[in-house]
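Q: One structure, as structure tokens, below. Some questions next.
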Amino acid sequence: MTFFVKNLQTVDGLISNLYRDISMEEMTKKITELFELQGYKVIDQQFGNLILEKGSRIKRLLLGAFATYYKFSVTMMPGEENGLTVNVFQQSSGMSGGLIGMNQIKTELARLNFLFANI
């Protein structure tokens, strides 16, 4: 069963989605399970805030676009009528990987948009 209702906003570095009939705790659990399968380290900062991190920042600095490093933050806010707004923010620009690294971040954000739409 998908809880996704609609995409509220997608701009550079931000995805905002609306979900129905799911609590913040359930959504945190689903995001954690899904993104751990994708190879992300999920850090729960309580109160609906998560950090998604994949790869090594140091390797990215040393090897540029040849090393993978993605970092995103997720915030959840309860809405009206049993709704839940989930915002995904880009936390790394990809500049350490040059133009290729910046394009990798944009591609990963588009992939995350698809993953979040299927929750």
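Q: Looking only at the range 90-119, count how many residues are assigned to a loop (DSSP other than H, G, I, E, B) and in contact with a Ser or Thr (Cβ under 9 Å, 6 or more places away or on another chain). Write out each step before concluding.
A: In the first step, residues of the range 90-119 are kept if they are assigned to a loop (DSSP other than H, G, I, E, B); the result is 91-94, 118-119.
Next, from what is left, pick out any that are in contact with a Ser or Thr (Cβ under 9 Å, 6 or more places away or on another chain): 91, 118-119.
Matching residues across the range 90-119 total 3.
Q: Something else about it: Please indicate, with yes or no, whether at least one residue in the range 67-74 is among the aliphatic types (A, V, I, L, M), modelled with pLDDT under 95 and part of a loop (DSSP other than H, G, I, E, B).
A: Going residue by residue through the range 67-74, those that are among the aliphatic types (A, V, I, L, M) are 67, 74.
Filter again for modelled with pLDDT under 95, leaving 67.
Filter once more, so that each one left must be part of a loop (DSSP other than H, G, I, E, B): 67.
Checking the range 67-74: at least one residue is among the aliphatic types (A, V, I, L, M), modelled with pLDDT under 95 and part of a loop (DSSP other than H, G, I, E, B).
Q: Also: Mind listing whichever residues of the range 14-56 are over 15 Å from Val86 (Cβ atoms) and in contact (Cβ under 8 Å) with a residue 24 or more places away in the chain?
A: Scanning the range 14-56 gives Gln38, Tyr40.
Q: Being more than 18 Å from the chain's Cα centre (by Cα) and touching a residue at least 24 places away in the same chain (Cβ under 8 Å) is the filter; apply it to the range 67-84 and report the residue that is surrounded by the fewest Cβ atoms within 10 Å (Cβ to Cβ). Spell out the reasoning first.
A: So in the range 67-84, the residues more than 18 Å from the chain's Cα centre (by Cα) come out as 67, 79-83.
Subsequent filtering for residues that are touching a residue at least 24 places away in the same chain (Cβ under 8 Å) retains 67, 79, 81-83.
On the way: Ala67: 17, Gly79: 13, Glu81: 6, Asn82: 11, Gly83: 15.
If we take residues in the range 67-84 being more than 18 Å from the chain's Cα centre (by Cα) and touching a residue at least 24 places away in the same chain (Cβ under 8 Å), then Glu81 is surrounded by the fewest Cβ atoms within 10 Å (Cβ to Cβ).
Q: Where residues in the range 1-52 are of a type in the set (Ser, Thr, Tyr) and under 25 Å from Ser93 (Cα atoms), which of them is surrounded by the most Cβ atoms within 10 Å (Cβ to Cβ)? Before the answer, list the steps.
A: First, pick out the residues of the range 1-52 that are of a type in the set (Ser, Thr, Tyr): 2, 10, 16, 19, 23, 28, 32, 40.
Okay, now just the ones that are also under 25 Å from Ser93 (Cα atoms), so 10, 16, 28, 32, 40.
Working: Thr10: 14, Ser16: 18, Thr28: 19, Thr32: 16, Tyr40: 21.
Across the range 1-52, the extreme among qualifying residues is Tyr40.
Q: Quick one: would you say Asn87 is outside any helix (DSSP H, G or I), modelled with pLDDT of 95 or more and out of contact with any Phe, Trp or Tyr (no Cβ under 9 Å at 6 or more places or on another chain)? Reasoning before the result, please.
A: Details: outside any helix (DSSP H, G or I): yes; modelled with pLDDT of 95 or more: yes; out of contact with any Phe, Trp or Tyr (no Cβ under 9 Å at 6 or more places or on another chain): yes.
In short, yes.
The values are calculated or read from the model by the stated rules, or taken from the named source; none is laboratory data. None of these values were measured; they are calculated from a predicted model. Cβ sites come from the backbone with ideal geometry, for glycine too, and all protein chains shown count toward neighbours.
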